[in-house]
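The values are calculated or read from the model by the stated rules, or taken from the named source; none is laboratory data. Here the structure is a predicted model, which is why all the values come from computation and not from measurement. Cβ sites come from the backbone with ideal geometry, for glycine too, and all protein chains shown count toward neighbours. In case anyone asks, the SASA skips ligands and DNA or RNA and just uses the protein heavy atoms, side chains included. Shrake-Rupley method; radii C 1.70, N 1.55, O 1.52, S 1.80 Å.
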Amino acid sequence: TPESAELAAKTPVWCLVCGDHGAIDVIMNVLLFIPLGVGLRLVRWPLPGAVATVLLLSLVIEMLQMTAIPGRDASLSDLLTNTGGAAIGHWLAHHHRVWLVPTPPVSKRLFLISSGTWLAVTLLTAYGVAPAKTDRPLHGQIAAQLGHLENFPGQVLTAEAASRPMPNGRYASSDYIRAALNRAEADLYAEVITGELPEGLAPIVSLADDRATILLLLGQDQDALVYNGRIRASRARFRSPSIALPRVFPSDDQTELHVGGMLSRQTISVWVMKGGERHGRALSLSPNWTWVLIFPFDFTLGTSAPVFTGLWLLMILLPGGFWAGRAAKFPWTIIIASVLLALWVIPLLFGLNPVTWQEWAGAILGIASGTALGKLSLNRQRVA
């Protein structure tokens with residue numbers, strides 16, 4: 001990415017969790033090198049040799065990013081996480097029988113660990129998807145020229161935050177807007193005259209603190225209206241959710257539109273007034289949006305978000321179901337309790353809306369399919 005060379009140069013080489021999405025980079029770097037570690041174990045490389053090889057390979061990659069490849073971040077974090085991922089992969093391959101064909105007692109322990117991990121991750125996600133609070137001075141930004149984003153091609157006639165006019169600069173007093181933001185009641189609104197369609201995200205109005213951290217953003221991405229709100233998980237350098245409403249901006253310019261968006265304690269929404277009618281989209285925040293927080297690429301949520309959340313649950317619960325199926329006594333009580341806690345009690349405790357039917361279906365299918373695979377593998381093992 002040559003256009004990001006100046007931004008990449010600002011990343012300290014000794015950084016461990018780098019950038020706005022540094023936590024995601026750490027996770028993805030570990031996952032990326034697990035298969036290499038598995039492969040080295042399968043060709044019978046000892047752990048010290050595998051780790052040394054990956055360390056050297058990663059060091060060469062980082063040196064190339066520092067000296068020859070423009071726009072790439074080189075950091076100590078990449079070196080450590082790449083090497084760590086390969087070591088984990090080597091260990092998993094070396095002990096593959098422990099988790100692929102475990103004995104019934106080990107299967108039960110693995111199931112309990114996986115269930116506890118799922119509940120812990122669900123709790124953290126339920127906490128993390130809540131809107132972020134701030135005690136810092138705030139700045140309004142109207143059609144701001146932010147280096148990493150496109151410039152809004154239209155004209156902003158009026159801009160509001162929390163139903164009050166937004167200044168194009170620092171708020172004289174941030175008390176009201178900060179209180180609304182901390183109550184999760186700060187919406188963004190703008191009246192605009194459209195221009196040409198931008199190639200990427202172009203901010204229309206945004207709210208930032210005095211450290212240039214964007215808290216709320218309403219923008220245009222080609223013909224779509226996009227809204228993004230900063231959440232608690234963003235402080236740990238995970239991704240904030242963005243919602244998109246497609247086909248809002250016409251291909252011709254000079255059209256007047258009223259647009260808005262909001263991140264509340266329960267939903268993220270975006271809307272437009274066209275022809276005297278309001279069109280919008282709203283999604284309920286979910287304690288199962290872990291996949292949203294760790295997704296490695298920029299994306300916006302749409303109507304398919306509940307389906308992807310259901311698929312995420314199916315994927316992460318399948319191993320637990322597999323180990324439950326191989327246990328000596330099927331743990332019905334623990335399974336039912338875990339599902340009810342994760343999908344009913346936790347959303348209730350954090351004031352979230354009930355989870356969607358797709359999430360219930362994904363969880364049940366994940367456990368059921370994993371259980372079937374576990375029982376099948378155990379029966380085949382006994383026959384053999």
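Odds and ends about this structure:
- Selection count, segment 333-352, where residues are over 22 Å from the mean Cα position of the chain (by Cα), of a type outside the set (A, V, I, L, M, F, W, C) and either within 18 Å of ALA305 (Cα to Cα) or open to solvent by 80 Å² or more (accessible area, probe 1.4 Å) (or both): 1
- Residue that is at negative phi, of a type in the set (A, V, I, L, M, F, W, C) and without any contact (Cβ under 8 Å) to a residue 40 or more places away in the chain, where the choices are ILE88, ILE113: ILE113
- Some residue of segment 231-242 being at pLDDT 95 or above, under 26 Å from GLN155 (Cβ atoms), open to solvent by less than 10 Å² (accessible area, probe 1.4 Å) and touching a Ser or Thr at 6+ places or on another chain (Cβ under 9 Å): no
- Restricting segment 289-340 to residues that are in a helix (DSSP H, G or I) and hydroxyl-bearing (Ser, Thr, Tyr), the residue that is nearest to ILE367 (Cα to Cα): SER338
- Taken over segment 358-384, the criterion of being of a type in the set (A, V, I, L, M) and either open to solvent by less than 70 Å² (accessible area, probe 1.4 Å) or closer than 21 Å to VAL101 by Cα (or both) is satisfied by ALA361, ALA363, ILE367, ALA368, ALA372, LEU373, LEU376, LEU378, VAL383, ALA384.
- Within segment 93-139, tally of residues that are farther than 30 Å from ILE243 by Cα, open to solvent by 20 Å² or more (accessible area, probe 1.4 Å), in a loop (DSSP other than H, G, I, E, B) and not polar (S, T, N, Q): 2
- Only one of ILE61, ILE69 that is part of a loop (DSSP other than H, G, I, E, B) and modelled with pLDDT under 95: ILE69
- Only a single criterion out of (1) among the small types (Gly, Ala, Ser); (2) surrounded by fewer than 19 Cβ atoms within 10 Å (Cβ to Cβ); (3) more than 30 Å from LEU283 (Cβ to Cβ); (4) at pLDDT 95 or above is not satisfied by ALA328, namely (4).
- Qualifying residue in segment 244-260 (condition: in contact with a helix residue (DSSP H, G or I) (Cβ under 6 Å, 6 or more places away or on another chain), buried (at least 21 other Cβ atoms within 10 Å of the Cβ) and modelled with pLDDT of 95 or more): no
- Residue check, THR303 over 22 Å from PRO203 (Cα atoms) and crowded, with 20+ Cβ neighbours inside 10 Å: no
- Residues of segment 140-185 satisfying the condition of being in a loop (DSSP other than H, G, I, E, B) and farther than 17 Å from PRO203 by Cα: ALA162, SER163, TYR171, ALA172, SER173, SER174, ARG183, ALA184, GLU185
- VAL355 being surrounded by 14 or more Cβ atoms within 10 Å (Cβ to Cβ), in a loop (DSSP other than H, G, I, E, B) and modelled with pLDDT of 95 or more: yes
- Criterion violated by ILE268 - all others in (1) open to solvent by less than 10 Å² (accessible area, probe 1.4 Å); (2) among the β-branched types (Val, Ile, Thr); (3) at pLDDT below 95 satisfied: (3)
- Members of segment 310-325 that are aliphatic (A, V, I, L, M), touching a residue at least 60 places away in the same chain (Cβ under 8 Å) and open to solvent by less than 20 Å² (accessible area, probe 1.4 Å): LEU317, ALA324
- Looking only at residues in segment 146-172 that are farther than 23 Å from ILE231 by Cα and free of Cβ contacts under 8 Å to residues at least 24 places away in the same chain, the one that is nearest to the chain's Cα centre (by Cα) is PRO165.
- Residue in segment 33-47 that is at pLDDT below 95, part of a helix (DSSP H, G or I) and closer than 26 Å to ASP298 by Cα present: no
- Subset of segment 179-198 [touching a residue at least 12 places away in the same chain (Cβ under 8 Å), open to solvent by 40 Å² or more (accessible area, probe 1.4 Å) and out of contact with any strand residue (DSSP E or B) (no Cβ under 6 Å at 6 or more places or on another chain)]: ASN182, GLU185, GLU196, LEU197
- Summed over segment 72-88, residues that are within 15 Å of MET28 (Cβ to Cβ), open to solvent by less than 80 Å² (accessible area, probe 1.4 Å) and not in a helix (DSSP H, G or I) total 2.
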